[in-house]
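Take a look at the structure set out below.
Any read-out appearing in this document is the output of simple, stated calculations on the displayed coordinates, not a laboratory observation. Computed from a predicted model, the values in this text were never measured in an experiment. Using ideal geometry, Cβ is built from the backbone for each residue, glycine included, and neighbour counts are taken over all protein chains shown.
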Amino acid sequence: MKRKVLVFGAGVIGAYLAHVLIEAGNDVTILARAERAKSLNENGLVIYHHLQKKITKNKVKAVTDVDGLSFDATFVVMPYHKLKSALPLIRTFNTKLLVLVGNDLSPAEIRKDMKENAPGIKKILFGFQVSGGKKEEKSYVCERLGASWMDIGQLHGETADRLKKWVENLFKGTKYKINWQGDMENYLICHPAEILPIGYLSYICGGDLRKSTRNQRKDMFDASREAFEFLRTKGITVYPKGEDKFYGSGVRGKVMKFLYFIMAKSAIGDLIACEHCRNAVSEMEQIDLFYTEFLKDCPPAKLKAWNRLKAQMPSWDELHRIYGN
């Protein structure tokens with residue numbers, strides 16, 4: 001059965017998600033700003049998949065408002081610093097399922113807001129899609145491993161099997177993976193432990209990880225390890241399960257170090273990490289402020305690598321001046 005699906009957010013992550021949903025046979029609409037909506041309607045959804053060395057083009061409907069429209073599922077895909085300003089519009093949506101995709105530092109607050117003020121929204125899930133890239137004038141460049149995947153679930157507790165199956169059917173026929181998580185609030189708290197050290201080093205190197213030194217990359221790895229250790233001392237269960245093991249001394253730690261080396265020495269790192277850092281300074285700043293408060297009870301002796309990276313980074317005011325956002 002063809003489902004009516006809305007993707008709100010026409011950045012590179014939303015674009016790839018829309019592509020997958022179209023490939024799965026859904027009736028997809030993208031809600032975007034006027035200029036991007038015009039381009040999508042005239043040129044189609046054009047994506048260059050960098051690692052896969054291929055170009056895809058999908059016909060898609062793009063609109064600038066959804067007044068009077070209803071959907072089976074809606075995926076909101078936007079940076080955290082833009083999400084709160086979009087809440088008044090999201091409250092008006094008429095959709096059976098709302099999935100908020102991306103970094104979210106106040107998911108419980110937003111869920112409560114939706115429950116109280118969005119009568120047209122029946123169910124709410126939180127997700128995070130693992131992909132990157134950049135938006136160009138009439139197309140996108142997407143960086144992903146395999147067909148990519150989404151970590152998804154309720155704020156707390158396991159999602160009902162019936163809803164799991166319903167969501168999975170939205171992607172049926174594609175290789176895109178749905179990874180169900182048991183606690184998305186913990187997931188979203190844990191995620192900055194990985195992305196902030198990468199962001200710090202990206203800013204230190206002027207948005208080019210290829211300029212990083214071996215010692216800086218070691219600090220990037222060790223900073224995440226330090227943050228995960230603190231999370232565990234706070235009694236927070238790490239999600240995805242076992243993610244902290246990638247920052248240990250075992251086999252998974254060696255794999256992550258190798259991936260960091262590849263990321264720092266190729267265009268992959270630029271598209272996955274640096275491009276986002278350059279274009280989302282406001283989001284990264286808010287995540288940093290959140291984690292600075294979160295880590296304030298951690299003794300400095302247990303955050304040596306984390307603090308070394310932060311000390312080398314330009315100020316946020318300077319980063320806003322450099323990158324213009």
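Worth a mention:
- Candidate values (1) 359; (2) 137; (3) 175 were compared with volume of the Cα convex hull per residue in Å³ computed on the shown model; the agreeing label is (2).
- Antiparallel bridges, percent of DSSP beta bridges restricted to the range 81-194 (to nearest 5): 45
- Contour excess over end-to-end distance, with Cα ends at R210 and K254 and 0.36 nm allotted per residue: 13.9 nm
- Backbone HN-Hα couplings from phi across the range 242-256 [Karplus 6.51/-1.76/1.60, Hz, Gly and Pro as x]: x, 4, 5, 5, 6, 10, x, 9, x, 4, 5, x, 5, 4, 5
- Once backbone amide H atoms are built at 1.01 Å from N, G153 has F126, Q181 as its partners under 5 Å, excluding neighbours fewer than 5 places away on the same chain.
- Segments 304-315, 222-233 sorted - mean Cβ within 10 Å per residue, highest first: 222-233, 304-315
- Simple spin-label estimate for N41 and R308 in nanometres, 7 Å along Cα-Cβ: 5.5
- Euclidean distance of C-alpha centroids, the range 172-237 and the range 32-96, integer Å: 27
- For the chain, built as a Gaussian network whose Cα springs stay under 10 Å, the top-fluctuating residue of L83, L98, L289: L289
- Distance in nm between pseudo-label sites at K175 and K112 (7 Å out along the Cβ direction from Cα): 4.4
- Placing dummy labels 7 Å off each Cα toward the beta-carbon, the span from R321 to V130 is 3.9 nm.
- Cβ-placed point charges (K, R +1; D, E -1), dipole of the range 113-188 about Cα centre in debye, nearest 20: 420
- Rounded to the nearest Hz, the phi-derived 3J(HN,Hα) couplings of the range 158-165 under the Karplus curve 6.51 cos²θ - 1.76 cosθ + 1.60 (θ = phi - 60°) are 6, 6, 4, 4, 4, 5, 4, 4, where x marks glycine and proline.
- Size of charge dipole - the chain - debye, nearest 20, with Cβ of Lys, Arg +1 and Asp, Glu -1, no other charges: 980
- Restraint check, K38/K82; K218/K265; K254/K296; K59/K138, Cα-Cα greater than 19 Å: K38/K82; K254/K296
- Difference of contour (0.36 nm per residue) and Cα-Cα distance, A34 to K218: 61.9 nm
- Helical contribution to [θ] at 222 nm, DSSP H n ≥ 4, -39,500 (n - 2.57), averaged over the chain, rounded to 500: -13500 deg cm²/dmol
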